[in-house]
Amino acid sequence: MSDASLSTPSKSFGARDILSLLGRAEAWLDARGRGAWIVAMILGFVFIWPVGLALLVYMIWSKRMFSRRSPARAMSRPGFAYATRSSGNAAFDAYKAETLRRLEDEQASFEAFLERLREAKDKAEFDQFMEDRARKATHENDAREA
């Protein structure tokens, strides 16, 4: 070997590179959903158990495991920052902001509609249960009297 090859600096990963890699891995797993996180955790346990344990702790700590997606969570995703970035054209930015606001309002009203629909279904099921119970009690009282 020559002296030149020994003195050539090699590229090494620094803390910034590792954090960037972890951030890209997190975004990749988020894009594929909860199932991808679970598969990564299981593979971590199978091959290197501390990695699986670390993923489990991270999933519980960040509430990825037990929470549903919410609008606030969607806003924290990488794509949201791109959607709110200025294009440099004031008219287009105003149009985009108005469209996003309208879509958020439609989403909120649809979620409220779904909640009312669930409540109405629950009320109908409960009313049916109470009617069946009252009918059964009346039937038992008639059977005792006879």
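The values are calculated or read from the model by the stated rules, or taken from the named source; none is laboratory data. In this text the structure is predicted, and so the values were computed from the model without any measurement. Cβ: placed from backbone, ideal geometry, glycine included. Neighbour counts: every protein chain shown.
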**Request:** Return yes when GLY33 is modelled with pLDDT of 75 or more, touching a Gly at 6+ places or on another chain (Cβ under 8 Å) and not hydrophobic (A, V, I, L, M, F, W, C) and no when it is not.
**Result:** no
**Request:** Could you look through the stretch 6-30, keep only residues that are surrounded by 10 or more Cβ atoms within 10 Å (Cβ to Cβ) and at pLDDT below 75, and pick out the one that is nearest to LEU56 (Cα to Cα)?
**Result:** LEU22
